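Notes to accompany the following structure.
The values are calculated or read from the model by the stated rules, or taken from the named source; none is laboratory data. Note that the structure is a prediction, hence the values are computed from the model and not measured. Quick reminder, even Gly has a Cβ in these numbers, built from the backbone with ideal geometry, and neighbours come from all protein chains shown. Note: areas computed on protein heavy atoms with side chains; ligands, DNA, RNA excluded. Shrake-Rupley method; radii C 1.70, N 1.55, O 1.52, S 1.80 Å.
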Protein chains: 2
Amino acid sequence: MNTYLVIMAGGSGTRFWPKSTAKRPKQLLSFGSGKTLLAETLSRFDGVVPAGNRVIVTTRALADATKKEVGPGVEVLAEPAGRNTAPCVYWACRWVAERDPEAVVMVMPADHHMASVKDFRSTLEMARDWAAKHGDLVTLGIKPSRPETGYGYLKVGASQGGACRKVDAFVEKPDLARAKEYLSSGDYLWNGGMFLWRASTALKAFDELMPEMKHEWDSAKGDVEKAYPRMTPTSIDYGVMEKARNVVTFPLDCGWDDLGSWTSLETAPLPGVNRTEAGVLAGGELFAVESSGCVVDAPGRVVALVGAKDLIIVEHEGVLMVASKDRAQDVKKVLEKVKASRPDRV
Amino acid sequence: MNTYLVIMAGGSGTRFWPKSTAKRPKQLLSFGSGKTLLAETLSRFDGVVPAGNRVIVTTRALADATKKEVGPGVEVLAEPAGRNTAPCVYWACRWVAERDPEAVVMVMPADHHMASVKDFRSTLEMARDWAAKHGDLVTLGIKPSRPETGYGYLKVGASQGGACRKVDAFVEKPDLARAKEYLSSGDYLWNGGMFLWRASTALKAFDELMPEMKHEWDSAKGDVEKAYPRMTPTSIDYGVMEKARNVVTFPLDCGWDDLGSWTSLETAPLPGVNRTEAGVLAGGELFAVESSGCVVDAPGRVVALVGAKDLIIVEHEGVLMVASKDRAQDVKKVLEKVKASRPDRV
């Protein structure tokens, strides 16, 4: 069985600002002494997907930085315009199908964390084998560990044999009461945006559910420059997964974390991020007096804290951010303010 | 009447760390677009003390930086060893007496703030004239504006004519209850460490109250290198002012602030320090979301705050400090920690 890895790496990653910027989004970041998240993602597939069968889809603006990061041998597809995930996945699947339509394509985000690569691979391989054998659209659903209101969920149905379950529905981000129900019911998984399917299976689903995409692509004779601007921005979830009938899932339990904000550094045990009495330290030399619960990343800096509690403290390239931890989701608000007068700094 | 200005500028000023360091103590700092505190202090005497009659006493380690700051024409006396304020004042008064023993010497700290230079000068000139005429030890006592427990006080007694009052006692830092009594009684002033006297008057007091100083000085034949190490570290308050009988004071009401910690930037209206919704900004470009009560100094940096409340945020030369404002007095604690492993940064 032939396999291909497709990594979606076009995200802007504003949530780790000021460390992440338009020119250096989350997937190109490293924390502490660790590798970049993109390099970490690639290495998760060593021994699973051949080195020559790896494709990264990114934006044109990030193509050079991405190529530099992954080195030669990895194909980088640069989108001429952002059109959300469906056109991106479609392009990658066509690209694979031209080489081997029956190969299993693994579509993966570039910037998530898996605490146990071993557990990840074990589920991945089951999903791969299922996708190769059954011609289903397979997604990895993450076993929820808390009543999270920030993610979409998969409602799972009948067992399909082994760990495989039918996906009955894609569910929007719930409120807290509903999230608690989901957690206790055991019938819901987090939608982690990880897909496995034969290239031919995916293209069949696209043709059926998003026929205009094939139309635009064919009428542009495969010329990405022409085809892309005409496509309607659509997510793969909305365009395909929510409507297809042959969607199954394998529950994933490997210490997954989407690294959605600075506070993720507290829960995801990233290599190179150290725990101290004052909090987690991703970069810098920390000295603290009566401080706790902080998240600090200031490479090359001496950081001194006095009575600092539950703060995010980040410095990168001339930008210093101090945020209350319970406002981690609002980093974007101050970023927008900075952008208005200092676009070079975001 | 001839006058001389003596500025005591040997302080280490750890309270403004990391902006202040051993090599750049408080008197050599500037805030925002303002002048250094030392330059500000000097300029307060323009038109009052002739340019050629100015003396700065500092440590040997700071002599070069001090000379560079004040330029030629100002005499810089460099102490070979720190011996507290009495030997420093004694040396300066001898230095003046060699030139004009009947000149009035104004002994001033280098790093305090006066909101109204006009009001300061008006009191200063009264004190100067009194010192010239009466041969008293004159001190400027600051009218208290709050029940401060961090300063020593002067207990004032009988009026001597005009605004002049006898000083009955020098009082140690009080507890809060006592500080409240002092404030409401109207008979107490803050001891601001500002003195005016004829050089001959001061030397007479020293000879009477600290005779060993004259002894060491004379036996070293005025050789500072020899005399200094033999002197006992003593403050001018303890060594002279508390014991002398001819001490009078002129109450000073000019928006004085000793700039004792980062939070002083909130009360002392230093030129170049701006007030914003998020707090006071001494350096840097500030962008804030739902933040208030902060004190920020990070020249050349973009500073982004999200939900930051009552924090001191300072960055200077690779050192970033974040302190809870109610812990401003504890900056020294973290400085000591940094000093232990990074002596170059304090």
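Residues satisfying the criterion are present in region B:282-291 (criterion: at the interface with another protein chain (Cβ under 7 Å from one of its Cβ atoms) and surrounded by 24 or more Cβ atoms within 10 Å (Cβ to Cβ)). Annotation: of all residues in region B:233-249 being of a type outside the set (S, T, N, Q) and open to solvent by less than 10 Å² (accessible area, probe 1.4 Å), the one that is nearest to the chain's Cα centre (by Cα) is B:Ile236. Residues in region B:279-320 that are free of Cβ contacts under 8 Å to residues at least 40 places away in the same chain, within 16 Å of B:Ser264 (Cβ to Cβ), of a type in the set (A, V, I, L, M) and touching a helix residue (DSSP H, G or I) at 6+ places or on another chain (Cβ under 8 Å): B:Val280, B:Val295, B:Leu311.
Listed here are the residues, each with its yes/no results for (1) open to solvent by less than 30 Å² (accessible area, probe 1.4 Å); (2) away from chain A (no Cβ under 13 Å); (3) modelled with pLDDT of 95 or more.
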position	(1), (2), (3)
B:Gly272	yes, yes, no
B:Arg275	no, yes, yes
B:Leu311	yes, no, yes
B:Glu317	no, no, no
B:Met321	yes, no, yes
B:Ser341	no, no, no
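Selection of region A:1-20 for residues being in contact (Cβ under 8 Å) with a residue 40 or more places away in the chain and open to solvent by 30 Å² or more (accessible area, probe 1.4 Å) yields A:Met1, A:Asn2, A:Met8, A:Gly10, A:Gly11, A:Thr14, A:Arg15. Among the residues of region A:32-54, the ones that are at pLDDT 95 or above, surrounded by fewer than 17 Cβ atoms within 10 Å (Cβ to Cβ) and of a type in the set (Ser, Thr, Tyr) come to 1 in all. If you scan region B:326-343, which residues turn out to be charged (D, E, K, R), within 21 Å of the chain's Cα centre (by Cα) and under 15 Å from B:Leu311 (Cβ atoms)? B:Asp330 - this is the single residue of region B:326-343 that is charged (D, E, K, R), within 21 Å of the chain's Cα centre (by Cα) and under 15 Å from B:Leu311 (Cβ atoms). Within region B:102-157, track down each residue that is open to solvent by less than 40 Å² (accessible area, probe 1.4 Å) and of a type in the set (S, T, N, Q). If the condition is that a residue be open to solvent by less than 40 Å² (accessible area, probe 1.4 Å) and of a type in the set (S, T, N, Q), then B:Ser116, B:Thr123, B:Thr139 are the ones that fit.
How many of the residues in region B:328-339 are at the interface with chain A (Cβ under 7 Å from one of its Cβ atoms) and either surrounded by fewer than 19 Cβ atoms within 10 Å (Cβ to Cβ) or outside any helix (DSSP H, G or I) (or both)?
First pass over region B:328-339, keeping only residues at the interface with chain A (Cβ under 7 Å from one of its Cβ atoms): B:330-331, B:333-334, B:337-338.
Keeping just the survivors that are either surrounded by fewer than 19 Cβ atoms within 10 Å (Cβ to Cβ) or outside any helix (DSSP H, G or I) (or both) gives B:330, B:333, B:337.
Residues meeting the conditions: 3.
State yes or no: is B:Gly307 open to solvent by less than 40 Å² (accessible area, probe 1.4 Å), more than 7 Å from chain A (Cβ to nearest Cβ) and on the phi > 0 side of the Ramachandran plot? Please lay out each step first, then the result.
On the way: open to solvent by less than 40 Å² (accessible area, probe 1.4 Å): yes; more than 7 Å from chain A (Cβ to nearest Cβ): no; on the phi > 0 side of the Ramachandran plot: yes.
Judged against the criteria, B:Gly307 is not a match.
Number of residues in region A:202-228 that are touching an Asp or Glu at 6+ places or on another chain (Cβ under 7 Å) and of a type outside the set (A, V, I, L, M): the value is 2.
I'd like the residue in region A:137-155 that is of a type in the set (A, V, I, L, M, F, W, C) and touching a Gly at 6+ places or on another chain (Cβ under 7 Å) and, out of all such residues, is farthest from A:Lys243 (Cα to Cα). Reasoning before the result, please.
We begin by selecting, within region A:137-155, every residue of a type in the set (A, V, I, L, M, F, W, C); these are A:137-138, A:140, A:142, A:154.
Applying the additional criterion that residues be touching a Gly at 6+ places or on another chain (Cβ under 7 Å) yields A:140, A:142, A:154.
Numbers: A:Leu140: 17, A:Ile142: 20, A:Leu154: 13 Å.
Across region A:137-155, the extreme among qualifying residues is A:Ile142.
Against the criterion of being modelled with pLDDT under 95, open to solvent by 10 Å² or more (accessible area, probe 1.4 Å) and within 22 Å of B:Val89 (Cβ to Cβ), B:Gly193 does not qualify.
Listed by first and then second residue, the pairs linking a residue in region B:165-192 that is assigned to a helix (DSSP H, G or I) to a residue that is loosely packed, with under 13 Cβ neighbours inside 10 Å, with Cβ atoms under 9 Å apart and 6 or more places separating them unless they lie on different chains, are B:Ala179/B:Arg146; B:Leu183/B:Arg146.
Name the helices (runs of 4 or more DSSP H) wholly within region A:56-135 that hold at least 1 residues that are within 27 Å of A:Gly222 (Cα to Cα) and within 18 Å of the chain's Cα centre (by Cα)?
Details: elements: A:60-70, A:85-99, A:117-134.
By residue number, A:60-70, A:85-99.
For the subset of region B:292-304 comprising residues that are open to solvent by less than 10 Å² (accessible area, probe 1.4 Å) and more than 7 Å from chain A (Cβ to nearest Cβ), which member is farthest from B:Ser33 (Cα to Cα)? In this case the residue turns out to be B:Cys294.
Would you check if A:Ala39 is free of Cβ contacts under 8 Å to residues at least 40 places away in the same chain, assigned to a helix (DSSP H, G or I) and farther than 21 Å from A:Glu225 by Cβ? Against the criterion (free of Cβ contacts under 8 Å to residues at least 40 places away in the same chain, assigned to a helix (DSSP H, G or I) and farther than 21 Å from A:Glu225 by Cβ), A:Ala39 qualifies.
Please determine, by comparing only the residues of region A:250-270 that are in contact with a Ser or Thr (Cβ under 7 Å, 6 or more places away or on another chain), under 30 Å from A:Ser33 (Cα atoms) and of a type in the set (A, V, I, L, M, F, W, C), which one is surrounded by the most Cβ atoms within 10 Å (Cβ to Cβ). Working first, answer last.
In the first step, residues of region A:250-270 are kept if they are in contact with a Ser or Thr (Cβ under 7 Å, 6 or more places away or on another chain); the result is A:250, A:252, A:254-255, A:257.
Checking the rest, the ones that are also under 30 Å from A:Ser33 (Cα atoms) come to A:252, A:254-255, A:257.
Pick out the ones that are also of a type in the set (A, V, I, L, M, F, W, C) and you get A:252, A:254.
Working: A:Leu252: 24, A:Cys254: 20.
The residue in question is A:Leu252.
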